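Okay, structure first, notes after.
The values are calculated or read from the model by the stated rules, or taken from the named source; none is laboratory data. Every value quoted in this text rests on a predicted model; they were computed, and no experiment measured them. Cβ placement follows ideal geometry from the backbone for every residue including glycine, while neighbour counts extend to all protein chains displayed.
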Amino acid sequence: MGNVKFGIIDRIEEILISLLLGLATLLVFAQVVARYVFNAGITWAPELVQHFFLWTVMIGASYGFKHGVHLGVDVLMKKLPDAQRRIMALVAVVISLGFTGYMAYLSFFYVHDAYKMELMTVDLEIPQWIPHLALPIGFTLISFRLVQVFYWVHTGQMINVSTSGELDSDEIDEIPDAYPPGHPTTEEEQLDKIKE
């Protein structure tokens with residue numbers, strides 16, 4: 001049941017990221033065509049694209065933490081035994097969780113202040129707190145994903161916090177253990193994921 005819930009969250013994140021990036025791309029294309037073909041512009045398009053990118057970055061960061069695709073320096077981690085590597089990974093997750101939790105807390109007050117002051121966006125003329133909800137929602141999602149990663153590392157389901165793809169030749173056999181649960185690691189698993 002828990003995996004089904006997390007799968008739904010993953011799917012929602014994937015759909016939102018794709019949708020927002022697609023819409024931003026279409027708006028930028030429309031703006032270029034309007035400007036260079038019709039010698040006119042869509043005045044509200046750049047601001048809307050900025051808001052779409054803000055939401056995409058925050059949701060994408062959450063999705064990236066779950067799938068272990070964030071940048072990481074693995075040189076030292078690869079030299080450590082599994083037990084010490086797990087401790088280092090747990091420490092990194094706790095520090096990251098402290099940061100993202102604090103940012104979620106601060107961004108809630110930022111959005112609340114924008115709501116109380118009734119600030120409006122310049123071109124779209126909508127309340128600023130609406131697009132800026134991406135910050136508290138995004139940091140909360142990232143914190144949730146970090147709790148997941150902490151659990152996986154603590155229970156031994158995941159070894160590294162970051163899966164940078166830079167595996168040594170002796171680590172090839174350990175690939176399924178290096179990635180978070182549900183990460184397609186073999187060609188067969190990748191094809192199964194595509195079929196879903």
Taking Pro180 as meeting all but one of (1) modelled with pLDDT of 85 or more; (2) crowded, with 20+ Cβ neighbours inside 10 Å, write down the number of the exception.
(1)
Residue pairs within 8 Å by beta carbon, gap of at least six or interchain, first lying in region 118-130 and modelled with pLDDT of 90 or more, second in a loop (DSSP other than H, G, I, E, B) and loosely packed, with under 13 Cβ neighbours inside 10 Å, listed first then second, are Pro127/Glu118; Pro127/Leu119; Gln128/Leu119; Trp129/Leu119
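Please find, within region 104-122, the residue that is surrounded by the fewest Cβ atoms within 10 Å (Cβ to Cβ) out of those that are among the aliphatic types (A, V, I, L, M) and more than 13 Å from His132 (Cα to Cα).
So in region 104-122, the residues among the aliphatic types (A, V, I, L, M) come out as 104, 106, 111, 114, 117, 119-120, 122.
Within this subset, residues satisfying the condition of being more than 13 Å from His132 (Cα to Cα) are 117, 122.
Values: Met117: 11, Val122: 9.
Step by step, filter region 104-122, then rank; the result is Val122.
If you go through region 16-38 one residue at a time, how many are more than 16 Å from Trp55 (Cβ to Cβ), aliphatic (A, V, I, L, M) and either free of Cβ contacts under 8 Å to residues at least 12 places away in the same chain or outside any helix (DSSP H, G or I) (or both)?
Of all residues in region 16-38, those more than 16 Å from Trp55 (Cβ to Cβ) come to 29-38.
Next, only the ones that are aliphatic (A, V, I, L, M) stay: 30, 32-34, 37.
Now narrow it down to the ones that are either free of Cβ contacts under 8 Å to residues at least 12 places away in the same chain or outside any helix (DSSP H, G or I) (or both): 32-34, 37.
Residues meeting the conditions: 4.
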Could you say whether any residue in region 82-103 is of a type outside the set (Lys, Arg), surrounded by 15 or more Cβ atoms within 10 Å (Cβ to Cβ), touching a residue at least 60 places away in the same chain (Cβ under 8 Å) and closer than 30 Å to Gly41 by Cα?
no
Subset of region 123-135 [surrounded by 15 or more Cβ atoms within 10 Å (Cβ to Cβ) and either acidic (Asp, Glu) or in contact with a Ser or Thr (Cβ under 6 Å, 6 or more places away or on another chain) (or both)]
Gln128, Leu135
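Just checking, which of Leu106, Leu76 is farther than 24 Å from Ala24 by Cβ and at pLDDT 90 or above? Steps first, answer last, please.
On the way: Leu76 fails: at pLDDT 90 or above.
So the residue among Leu106, Leu76 that is farther than 24 Å from Ala24 by Cβ and at pLDDT 90 or above is Leu106.
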